[in-house]
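Contents: one structure, followed by commentary.
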Amino acid sequence: IKGKAKQAAKEGKDTQRAAVLGAGIMGGGIAYQSALKGVPVVMKDIAQPSLDLGMNEASKLLNKQLERGKLNGLKMAKILASIQPTLHYAGIEEADVIVEAVVENPKVKAAVLAEVEARVGEDTVITSNTSTIPINLLAKSLKRPEKFCGMHFFNPVHRMPLVEIIRGEHTSEETISRVVAYAAKMGKSPIVVNDCPGFFVNRVLFPYFAGFSLLLRDGADFTKVDKVMEKKFGWPMGPAYLLDVVGIDTAHHAQAVMAEGFPERMGKDYKDAVDVMFESQRLGQKNGKGFYAYS
Ligand code: NAD
């Protein structure tokens, strides 16, 4: 990391223990990455099967590191043991930073944030991994909004370097520095952005998806668009494949948030490919059928 973020990472208080709320795709990935980089983490969920899935995922990723010779068995066991799964907030009061990664529902998130704030000390920083909910809205459920900001990871967490750190109107600079430092400790490249619909990445990504949908309306073949973007333009994947990875339901929801936030740029009066696929429940890789079929 460079410039201001580097300075913030230097100034930020060190995070020695963390907690992740939600052990799904994102929570499991965040817990793994934190533990891998030496920050023990409590992983809390409301469902035992989710905790089991999160732990299995971490174990699979660690096994890959073992196969590649990047870890030995002892180190692997130590890292795995530094992820503490819980259904009851056990050990949460020791966390310096908390990352909320429960379902993308403002009411559920508000309740979870208030619940956890009541269980931790005044110095604990709480963050949310929300992709679309305004940080200023979530901050309203907290008594200490200065200790709260967004910490938006990308999927899959262990491979995507970027973390958007979202400053709410009440977030203190100390909170930002601490979260920047934690992201850097996790081996990530943090950027600090202000709260607005789409934060930074989705403001770039969704106009791109909208342009892709317009090409389809004009009769383009999505496989050809993907091929050109990937093989000729040199991006890791084209827009159709990327939408399948993101999830059509997630994209459909984010698209609506962007249209509401920027009606003049992102509003539309027709159903695009994402709307049609969402209606027919072609959700992408998560249910085996999207633009492409997966087995
Ligand atoms: P997911 O459905 O895989 O996981 C959500 C988990 O939260 C589940 O295990 C569920 O049991 C748990 N949960 C629900 N209520 C809870 C509660 N009260 N306390 C503790 N745990 C609870 O979802 P996900 O894809 O991991 O997304 C989580 C968050 O991350 C969302 O806000 C989402 O917008 C955001 N996000 C997702 C992606 C992505 O690509 N999936 C990328 C960036 C950000």
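For the stretch 273-280, the condition holds for at least one residue, the condition being that it is polar (S, T, N, Q) and either in the same structural domain as Ile133 (by TED's automatic domain parsing) or part of a loop (DSSP other than H, G, I, E, B) (or both). Checking each residue in the stretch 192-211 for being assigned to a loop (DSSP other than H, G, I, E, B) and either without any contact (Cβ under 8 Å) to a residue 40 or more places away in the chain or hydroxyl-bearing (Ser, Thr, Tyr) (or both) picks out only Phe200.
Within the stretch 137-149, being over 14 Å from Glu100 (Cα atoms) and either away from the ligand (no atom under 16 Å from the Cβ) or buried (at least 24 other Cβ atoms within 10 Å of the Cβ) (or both) holds for Lys140, Lys143, Arg144, Pro145, Glu146.
Residue count for the stretch 31-74 satisfying the condition of being of a type in the set (Asp, Glu), within 16 Å of the ligand (Cβ to nearest atom) and in a helix (DSSP H, G or I): 2. Got at least one residue in the stretch 125-134 being surrounded by 13 or more Cβ atoms within 10 Å (Cβ to Cβ), more than 21 Å from the chain's Cα centre (by Cα) and either in the same structural domain as Phe153 (by TED's automatic domain parsing) or in a helix (DSSP H, G or I) (or both)? Within the stretch 125-134, none of the residues are surrounded by 13 or more Cβ atoms within 10 Å (Cβ to Cβ), more than 21 Å from the chain's Cα centre (by Cα) and either in the same structural domain as Phe153 (by TED's automatic domain parsing) or in a helix (DSSP H, G or I) (or both). Looking across the stretch 259-274, the residues that are touching a helix residue (DSSP H, G or I) at 6+ places or on another chain (Cβ under 7 Å) and surrounded by 16 or more Cβ atoms within 10 Å (Cβ to Cβ) come down to Ala259, Met266, Asp272, Ala273, Val274. Count of the stretch 17-30 residues, restricted to those that are within 8 Å of the ligand (Cβ to nearest atom) and either closer than 20 Å to Thr124 by Cα or in a loop (DSSP other than H, G, I, E, B) (or both), is 5.
Which residue is farthest from the ligand (Cβ to nearest atom), if the candidates are limited to the stretch 86-110 and must be surrounded by fewer than 20 Cβ atoms within 10 Å (Cβ to Cβ) and within 13 Å of Ile46 (Cα to Cα)? The qualifying residue farthest from the ligand (Cβ to nearest atom) is Ala90. Scanning the stretch 111-136 for residues that are closer than 18 Å to Glu174 by Cα and either within 7 Å of the ligand (Cβ to nearest atom) or among the hydroxyl-bearing types (Ser, Thr, Tyr) (or both) returns Thr124, Thr127, Ser128. For the stretch 7-28, a tally of residues being touching a strand residue (DSSP E or B) at 6+ places or on another chain (Cβ under 9 Å) and either over 12 Å from Pro85 (Cα atoms) or hydroxyl-bearing (Ser, Thr, Tyr) (or both) returns 7. Considering the conditions (1) over 23 Å from Thr86 (Cα atoms); (2) in contact with a Pro (Cβ under 9 Å, 6 or more places away or on another chain), Ile176 is excluded by exactly one of them, (2). Here is the figure for the stretch 236-272: residues that are without any contact (Cβ under 8 Å) to a residue 60 or more places away in the chain, away from the ligand (no atom under 14 Å from the Cβ), in a helix (DSSP H, G or I) and within 29 Å of Leu137 (Cβ to Cβ) total 4. For the stretch 147-188, a tally of residues being of a type in the set (Ser, Thr, Tyr) and on the phi > 0 side of the Ramachandran plot returns 0. For the stretch 150-191, taking the residues that are in a helix (DSSP H, G or I) and of a type in the set (Val, Ile, Thr), the one that is surrounded by the fewest Cβ atoms within 10 Å (Cβ to Cβ) is identified as Ile176.
Check whether at least one residue in the stretch 141-149 is assigned by TED's automatic domain parsing to the domain that holds Val116, closer than 19 Å to Ala58 by Cα and either in a loop (DSSP other than H, G, I, E, B) or modelled with pLDDT of 95 or more (or both), and report yes or no. No, the stretch 141-149 contains no residue that is assigned by TED's automatic domain parsing to the domain that holds Val116, closer than 19 Å to Ala58 by Cα and either in a loop (DSSP other than H, G, I, E, B) or modelled with pLDDT of 95 or more (or both).
The values are calculated or read from the model by the stated rules, or taken from the named source; none is laboratory data. Not measured: the values here are computed from a predicted model. Don't worry about glycine lacking a Cβ; one is built from the backbone with ideal geometry, like all the others, and counts go over all protein chains shown.
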